[in-house]
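The values are calculated or read from the model by the stated rules, or taken from the named source; none is laboratory data. Predicted model, so just to flag it, every value in this text is computed and none were measured. Neighbour counts are summed over all protein chains in view; Cβ atoms, including those assigned to glycine, are modelled from backbone coordinates with ideal geometry. These area figures cover heavy atoms from the full protein model, side chains too; ligands, DNA and RNA do not enter into them. Shrake-Rupley method; radii C 1.70, N 1.55, O 1.52, S 1.80 Å.
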Amino acid sequence: MRKRLWLILALGVIAFGIGVVGMLDRLQYGLRNVGYGSPIPWALWVVFYIYFIGLSAGAFLISSLVYVFGFKQFEAIGRIAVFTALIALITALLFIWVDLGHMERFTEVFARPGFHSPLAWIVWLYTAYFFLLLAEAWFLMRRSFARGAKQGGFKGGLYRILALGTKEGTPADEERDLKVVRVLGSIGVPLAIAFHGGTGTVFAVTIARAYWYSGLFPLLFLVSALASGGALLTAVAAFIIPNGYRRHQDLVISLGRLLLILLLVEVLMEVAEFLVSLYGTAPAHTAPIQEQLFGPNWWIFWLLGLVGAVGLPMLVLVTAGRRSGLAVGIVALLSAICFVGIRWNIVLPGFVLPELPGLEHALVEPHLNYLERYVPSLMEWQVSAFAVGVALILFAIGYHLLPLEREAGGETWQKQEVSQ
Amino acid sequence: MTVQVETKSMTVRMLEDLQRALQKPMEERHWAMVIDLRKCVGCNACTVACKAENNTPPGVAYHVVIEEEIGKYPNVARRFLPRPCMQCEHPPCVKVCPVNATYRRPDGIVVIDYDVCIGCRYCLTACPYGARSFDFGEFYTAGHTPEVAAYDTSPSFEYGRLHQRQPGRLNESPIGNARKCTFCIHRLEKGMLPACITTCLGGARVFGDLNDPKSLVVQLAASPRVVRLKEELGTEPSVYYLL
């Protein structure tokens, strides 16, 4: 395993180790030890859920540039994008699963779905998307599995199983596989738009929360998804592929340009949302925005959102990022991580005002305290570390084992095997 | 000449209305509440009665009284707004439930099936009145005092069933579920008025069948003083306030 993958694996194991205690707490005591309550029913885990689901949708839509829209310059990250989308999806679902009051009942969404609920719809769409990702990944890699099955050892055995009887095939067979991938990707594009637009819709249809109740919200979700997913993939291309930012300088810089456009659209939409909301006098509209700008968690908007996720990356992308893959990689990584701040500010400001004025003083009890500022509890952070740990471990091991890096003229893994 | 006027206690009148409504099939009833804000003294007896009747744990409040201080000294007054569940005709909380665990009964009461609710809390975000709480598994005494008080573990009779919460079983319903006011349907079905109605010392609360023109609620709901909360959302609450 490469040093960088070892690093990711080590980080993953540490996060998992820190988090496992919180996870045991979660399983034994349910949601008793979380920092949120009925006034703020959705909190840190929902933030992480929409963050990771956005990364997944974004990564997948970028992969579709290669397999559906034929942008060959991004081909080197095609498989990686599909793989990243899969890991991010699993992580997102893990976050929303632990947030359920009854984790064991998640199957009810399939058994007795309420189709008037956007939440039921997106769960069905996530499921379809999960299987589509698996199918697409398999068709992308099955010939590589078949070729790799000849090598001995664990990897050979694994590839033999994963090949599911596929023969090595001719280049024509590979072309045919790519056509299947194209069809799958073509189904996947509207699906990804639907499930991530749908995730935004979960919030947008909530008439009780003026901050969310806007037709712009699902679109904002999509743009944020593309931008954050694009940033993550750019970082992966730059730093996980060996010497990526040097060897694939053109690719990384192209991805940087794409990221710049997506960030610009993100800014445009946020500015529209902010200006319109702030113009009026209705507290239901103005308070959530003022809370983001000047509230106790102001730094999430200014430092994570404005500087980290958007401002600094854009500044670098229009200057050093035009020539340096390394610069693009660094700001893309910064942006991908800091996007979690933008996600926080989608969820939490929705709860800044009590549903009825005066409700905050009516009754104050544990988990029913409108006056208390929400701070995630230790257990919430631990469970988050657990889920992120699982994601990093799956990413490192999967990346190491699967033939994800494909380059013109052959399979990289073959080169690696030879060099070893 | 003296005129004989038949007077009747409001409670007796409401009980008669209730009996009449119970004779009808469920789908022909529409349970509703009228709260006269001029009569409300803000004593919170309703809130306490609700807690005692439904045995709700810390953090779960089906009913609260919102107090507001209005004006500036020396012209200061206090205003009280009791807030049960509005039992909306178009409940936003029902629409968003991904598993149909919460639904509106034919008699207008919005209920939750504790055996199905997955605890996603979407309904809590969707309710414009803050009328739903999530049961996080808190207890008044367990974990805080050496002895667990009986009221912490004694069952509630919501929905006509026994629901027993245990400190050692934090993954069992109704813990982990959304919870809400049911207009005390377990009492209604036994011919009793909701706990908050019987306990109201100012006689500010009236309960009955909105589909019965002879009922007290219908007569009061026809008052020009009547308002409903957040009418503009189109939720059509079944709780009416008299200003």
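Odds and ends about this structure:
- Only strands (runs of 3 or more DSSP E) whose full extent lies in segment B:107-203 are considered here, and the ones with at least 1 residues that are in contact with a His (Cβ under 8 Å, 6 or more places away or on another chain) are B:132-134.
- Scan of segment B:123-142 for residues that are closer than 17 Å to B:LEU233 by Cβ and over 19 Å from the mean Cα position of the chain (by Cα), ordered by number: none
- Only one of the listed residues (B:GLU189, B:GLU172, B:GLU231) is farther than 26 Å from B:CYS117 by Cα and open to solvent by 50 Å² or more (accessible area, probe 1.4 Å). That residue is B:GLU231.
- Residues that are among the small types (Gly, Ala, Ser) and at the interface with another protein chain (Cβ under 9 Å from one of its Cβ atoms), drawn from segment A:104-156: A:ALA111, A:GLY114, A:SER117, A:ALA120
- The single residue among A:VAL267, A:VAL340, A:VAL331, A:VAL310 that is under 18 Å from the mean Cα position of the chain (by Cα) and open to solvent by 30 Å² or more (accessible area, probe 1.4 Å) turns out to be A:VAL340.
- Unique residue being in contact with a Phe, Trp or Tyr (Cβ under 8 Å, 6 or more places away or on another chain), within 14 Å of chain B (Cβ to nearest Cβ) and either at pLDDT below 95 or open to solvent by 30 Å² or more (accessible area, probe 1.4 Å) (or both) when the list is A:ILE96, A:ILE62: A:ILE96
- Exactly one residue among A:VAL347, A:VAL375, A:VAL383 is in contact with a Gly (Cβ under 6 Å, 6 or more places away or on another chain) and open to solvent by less than 10 Å² (accessible area, probe 1.4 Å), and that residue is A:VAL383.
- Of the residues examined, B:GLN4 is not one that is under 21 Å from B:MET192 (Cβ atoms) and open to solvent by 60 Å² or more (accessible area, probe 1.4 Å).
- When residues in segment A:162-212 are screened for being in a helix (DSSP H, G or I), basic (Lys, Arg) and over 28 Å from A:GLY148 (Cα atoms), 0 of them pass.
- Among the candidates B:PRO57, B:PRO82, residue that is within 14 Å of chain A (Cβ to nearest Cβ), touching a helix residue (DSSP H, G or I) at 6+ places or on another chain (Cβ under 8 Å), open to solvent by less than 30 Å² (accessible area, probe 1.4 Å) and outside any loop (DSSP other than H, G, I, E, B): B:PRO82
- Residue within segment A:23-38 that is assigned to a helix (DSSP H, G or I), within 13 Å of the chain's Cα centre (by Cα) and more than 9 Å from chain B (Cβ to nearest Cβ) present: no
- Scan of segment B:204-222 for residues that are touching a strand residue (DSSP E or B) at 6+ places or on another chain (Cβ under 8 Å) and either assigned to a loop (DSSP other than H, G, I, E, B) or not hydrophobic (A, V, I, L, M, F, W, C) (or both), ordered by number: B:ALA204, B:ARG205, B:GLY208, B:ASP209, B:LEU210, B:SER215
- Candidate set: segment A:166-212, residues that are among the charged types (D, E, K, R) and in contact (Cβ under 8 Å) with a residue 40 or more places away in the chain; chosen: the one surrounded by the most Cβ atoms within 10 Å (Cβ to Cβ): A:ARG209
- Scanning segment A:213-245 for residues that are part of a loop (DSSP other than H, G, I, E, B) and within 14 Å of chain B (Cβ to nearest Cβ) yields a single hit, A:TYR213.
- Only a single item in (1) within 30 Å of A:ASN33 (Cα to Cα); (2) open to solvent by 20 Å² or more (accessible area, probe 1.4 Å) is not met by A:GLY305, and it is number (2).
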